[in-house]
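J.: Just passing along the structure, written as C-alpha cells.
The values are calculated or read from the model by the stated rules, or taken from the named source; none is laboratory data. Because the structure is a prediction, the values reported are computed rather than measured. When we count neighbours, we look across all protein chains shown, and the Cβ atoms used for this are built from the backbone with ideal geometry, even at glycine. Note: accessible area is taken over every heavy atom of the protein model, side chains too, but ligands, DNA and RNA are not part of it. Shrake-Rupley method; radii C 1.70, N 1.55, O 1.52, S 1.80 Å.
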Protein chains: 4
Amino acid sequence: MTRVLLTGFEPFAGDSVNPSWAAARALAVDPPAGMSVTAARLSCVFDRAVGELRRAVEESAPEVVVCLGQATGRPDLTVERVAINLDDARIPDNAGGQPLDRPVVEGGPAAYFATLPVKACVAAVRESGVPASLSHTAGTFVCNHVFYALMHLLATELPTVRGGFVHVPALPEQVLAQPAPALPTATVAHGLRALLSAATVATDLRTPGGTLH
Amino acid sequence: MTRVLLTGFEPFAGDSVNPSWAAARALAVDPPAGMSVTAARLSCVFDRAVGELRRAVEESAPEVVVCLGQATGRPDLTVERVAINLDDARIPDNAGGQPLDRPVVEGGPAAYFATLPVKACVAAVRESGVPASLSHTAGTFVCNHVFYALMHLLATELPTVRGGFVHVPALPEQVLAQPAPALPTATVAHGLRALLSAATVATDLRTPGGTLH
Amino acid sequence: MTRVLLTGFEPFAGDSVNPSWAAARALAVDPPAGMSVTAARLSCVFDRAVGELRRAVEESAPEVVVCLGQATGRPDLTVERVAINLDDARIPDNAGGQPLDRPVVEGGPAAYFATLPVKACVAAVRESGVPASLSHTAGTFVCNHVFYALMHLLATELPTVRGGFVHVPALPEQVLAQPAPALPTATVAHGLRALLSAATVATDLRTPGGTLH
Amino acid sequence: MTRVLLTGFEPFAGDSVNPSWAAARALAVDPPAGMSVTAARLSCVFDRAVGELRRAVEESAPEVVVCLGQATGRPDLTVERVAINLDDARIPDNAGGQPLDRPVVEGGPAAYFATLPVKACVAAVRESGVPASLSHTAGTFVCNHVFYALMHLLATELPTVRGGFVHVPALPEQVLAQPAPALPTATVAHGLRALLSAATVATDLRTPGGTLH
C-alpha cells in the first residue's frame, strides 16, 4: 500500500465550498487500488497553512504528497510544474493577511519544480476521460505558498517523498449565474484517482507539454 | 403526466459522442416527476433533421418540445431565446451539405422567439445547482436550423405546444487535451430535469436576463 | 459622393469615453474616398436614442447608415447580421431606464437582417489589416434597440437606404488594469473606412461566415 | 543618457511579422527622453538566440536590458516576473529544434526573478493609457529560454545591469480572421516608452500585483 497525503483548502473569497477539499475527501473515502489516502484540510491563511501541512505530513508519513487548490476559470485539472518563492496576495486571505512581495521561505531558492512525474500524471488523467494539462504558474496566493513550502520541506527534510500540486476547476454550484468552467467532484475525483496511480512511476514521459508563453 | 419531447443530435465534426443526445437519453430513462419524456436522435444534416423532428413530434404528440445541441466552448446550459431564418454553415454537415446564406423556411419570418418561459427555466436550472444563462444566438448551423423549424412548425400547426432550444457544454471526454469548459451528462441531466419542471409555468419571471452585446 | 450616416454612442456604464463615437467622429473628419460622412452621437438611453437617430437620418439624407456601438470583450470589429425585437436591459441605461422583455417596436417583426453586404464588409476590413467577423447577436441593450429601430425605419419608410450595425472593441485606455481586448481609434477607423467602401457593392460575397452556435 | 538594449524576435510559427521586433525597432528610432535604445533581433531558435543576446549585450554595454516576445492571446503588455530553468517546446523552433524537459542552463538555479521594478513598470504603462499587467509565467519556449539566459548572464557576470522580459500582444494583421486580442505597434511602443522610463527607479511600488492561481 502506497501512503498518499492529499490536502485541500477551506473555502475562501466568500464561497461556502472549496472543490479541492471536496475532492481530497472523496479520494480518502474511495482511494485508488493499492493506495491509502489521508486527506487534510488546510486553512486559506498564509500564516497557518504551512504549519498544518507539516503536521499532516508528520502524522501520515506519506510516500507521495499532492496538494490541491481551486482555480476558478480553469476548465481542467492542471498539474503545476513550478512553485516560486513569492507571496503577493491580490486579496486578503481568510485571516485578513495580505503579504506583498515577500518570499515564502527567506533565503530559499527562487523556485522548486514538482517531483511528481507531471507528464505521466497529465496523460493518466486524460486516459481516464477527464481533461488535464500542465501549468507553469500556481499564482502567488496561498496555493503557491503551500506548494513552495511543501517542495522546500521535501527537498530539505524528506528527499524520498514525491510532491506536487494540482489545481482543480470550480464546482458547478459555484458558478451558477456567471459563465465559468466547472467540473463536479465525482469527475475531478475520477481524474485524481488516475493521477495518483501514475504518481509513483519511476520515469516521466517524454512528450511535449510546454506552452509558448 | 405532461408529455415532453427531447431531441439530441448525433455526433458531428469528427466526434464519437454528442452530449445533447446523451442528455436526452438520460431524461427519457429518468424523467422529472409528473412527466413522460420521449428522446429522439436527429441527424446533424440540414436536409434530414427537420423531417426527423416532424416525425418525432407526430409520434409523441408532446405538450412541450425542447431540442438540445452541443455548444463546445460554452461553460453552462444556455437557454436559447431566438431562432433566426438563416442557414450559413461554417463547416459541412454530416452529409457534406454546407448551405450558405439560405433561409431555413423560404418566406418565413426573420426570427421566432422560444415559447418556453426562458427566464423561469434558467432560474430553475440554477436552483438545482447547475450553471445556466440565456443566449441570444443559436448560431447558423444545424442547431439553429432545427430550432427555427421547430418554432415554425409550432407557430403554424401546433400553437398550443411550447417549444425551445437548449445548448449544453461539451463532455469532459471531448476536451481531454485542449482546455475547454465541459460538464458530464449527470450534471447536465440534473439541470435539464429542473428546466423541464419549470417549462410548463404559465408566466415567465420578470428579471433581467439580457446582454449588453 | 455617397452620403453616409455613422452614429456612435455617448459613454455609459461609468466610462468617460465610448470608442464608437470616437470612431464615428474620426471618419467624419477623414472619410473614405468618394464618400461624405456625417457623424451623430446618440444617447445611451432607450427612450431617446431612436428619436435622435431619426432626426440624424432626416437631416443627413444618407444612402448608407451604419450605427456603431461598444462591445467590451470582443477583440475585433463585429458586423452584426440580425437585430431582434427585444429590449432586456441587464443594467440601467444612462437615464436609469431598464426595460425588461419589451419589444423595441410593438407589433414589429421578430427580427430584421442588416441590409449591408455583411460578408463583403468583413472581407474588406480584414483586407485593410484589421480583424473582423460576423456576429449574430447585438445583445438586448441600447445597441440592439437602435439597430432594430434603424432597420424598421428603413424597411417601412426608406427602403432604398442600406443599414447595419458594427460593434467595435473597447479602447486601450478603458481596460488599463483588467486584461481585455482593445483597439485604438486609429485602427478601428482604418477598418471602418474599408468597410464603408464595401458597403455599397451590389452583391454580397458567397463565403461561409456562420457559427456553429 | 541611460543605455537600453531592447531585443525582439524574428517571426515564427508561420507568421511574417513579430510584434516584439516591430516594437523594439520603433523604440530605437524614437526612444524615451534621456535614453538611448539599441534594438537587436534574435532568432526564434533555442540554440542561437542566447549567443545573439550575449553579443548584443557586449556591443551595446547596456544599463537596462528588456527582452520582448510575442504572446498571441494576451490582450495587454505583460511584464514577466519569473524565468524558469526549463525548455519544453510545444512546437519546433525556426531551425526545427524542439527540446523537451531540458534545463536552459545545466546546473543553474530553478528560476530567476526579473530585476526590473516590475510593479512600477506596470503602473507606468497603464498611466500612459496602455493596458498592462504582471505575468508569472513566460512559458517554456524560446521566450522563457532567452529570459532565463539573460537573467543568468546578468546574475553571474553583470550584476549591476537590470533585466527583464515583456510579452506583447499580436498585431491586428496577425489575427484578421480569428478573433484574438491585438494591439498595433504604435500603442505598444507608447506603452514601452513609459515602461522604460520607470525601469530605472530605485524602489519598486508596494501594491498588490499577484494572481490567485
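J.: Between the range C:51-83 and the range A:1-36, what's the alpha-carbon centroid distance in Å?
T.: Centre-to-centre (Cα) distance: 53 Å.
J.: With both bridge residues required to lie in the protein assembly as shown, what share of the DSSP beta bridges run antiparallel, to the nearest 5%?
T.: If I count the DSSP bridges inside the protein assembly as shown, around 25 percent turn out antiparallel.
J.: Another question, then. Rounded to the nearest 100 Å², what is the sum over both chains of accessible area buried where C meets D, with a probe of 1.4 Å?
T.: Summing both chains' loss of accessible area gives about 1400 Å².
J.: A follow-up question, please. Where the only charges are on Cβ atoms (+1 Lys, Arg; -1 Asp, Glu), what is the dipole of the protein assembly as shown about its Cα centre, to the nearest 20 debye?
T.: On the way: 60 positive and 76 negative charges, 0 e Å.
Computed about the Cα centre, the dipole is about 0 debye.
J.: Accessible area of the range C:2-198 with a 1.4 Å probe: how many percent of it is carbon plus sulfur?
T.: Solvent-exposed carbon and sulfur of the range C:2-198 make up 51 percent of the total.
J.: Once you put a point 7 Å from the Cα of B:V201 and another 7 Å from the Cα of D:A33, both along the Cβ direction, what distance in nm separates them?
T.: 6.3
J.: Also, quick follow-up: List the chymotrypsin sites (Phe, Trp or Tyr not before Pro) in the range A:147-213 that DSSP assigns to loop (not H, G, I, E or B) and whose Cβ has at most 11 other Cβ atoms within 10 Å. Which are they?
T.: Nothing satisfies the criteria.
J.: Another question, if that's okay. Every other copy gets compared here: list the nm distances from the C:A13 label point (7 Å along Cα to Cβ) to its counterparts, shortest first, one decimal.
T.: Result for C:A13, in nm, nearest copy first: 2.0, 2.6, 2.8.
J.: Defining the label point at 7 Å along Cα→Cβ, can you sort the distances from B:A186 to the same site in each other copy, shortest first, in nm?
T.: Inter-copy label distances (nm, one decimal, shortest first): 0.2, 5.7, 5.7.
J.: Which of the GluC sites (Glu not before Pro) found in the range D:79-163 are loop residues per DSSP with 16 or fewer other Cβ atoms within 10 Å of their Cβ?
T.: Taking the range D:79-163 and a limit of 16 other Cβ atoms within 10 Å, the loop GluC sites (Glu not before Pro) found are D:E106.
J.: Between copies, how close do the C:P92 label points come, placed 7 Å along Cα→Cβ, listed in nm from shortest?
T.: For C:P92, the other copies' label points sit at 3.0, 5.6, 6.2 nm, shortest first.
J.: Write down the Å³ per residue value for the convex hull defined by the alpha carbon atoms of chain A.
T.: Considering the Cα atoms of chain A, their hull volume per residue is 122 Å³.
J.: Right, something else. Counting heavy atoms of the protein chains only and a 1.4 Å probe, report the per residue accessible area for the range C:152-213 as a whole number of Å².
T.: 40
J.: Here's another thing I want to ask about it. Evaluate the protein assembly as shown: find the radius of gyration of its Cα atoms, find its Kirkwood radius, and give the ratio Rg to Rh.
T.: Taking Rg over the Kirkwood Rh, I get 0.98.
J.: Are there residues in the range A:108-144 whose accessible area shrinks by at least 20 Å² when all protein chains are included rather than the chain by itself, and which are they (probe 1.4 Å, ligands and nucleic acids not counted)?
T.: When all protein chains are present, A:A110, A:A111, A:F113, A:K119, A:R126, A:G129, A:P131, A:H136, A:T137, A:G139, A:T140, A:F141 each give up 20 Å² or more of accessible surface.
J.: So, one more: D:K119: which aspartates and glutamates have alpha carbons under 15 Å from its alpha carbon, excluding same-chain residues fewer than 8 sequence positions away?
T.: A:D87, A:D88, A:D101, D:D76, D:E80, D:E127, D:D204
J.: Something else: Could you pull out the trypsin sites (Lys or Arg not before Pro) across the range B:124-210 that fall in loop regions by DSSP (anything but H, G, I, E, B) with no more than 12 other Cβ atoms inside 10 Å?
T.: B:R206
J.: Take the rotation relating chain B to chain A, measure from its axis to every Cβ in chain B, and name the nearest residue with the distance in whole Å.
T.: Minimum Cβ distance to the axis, with residue: B:P181, 2.
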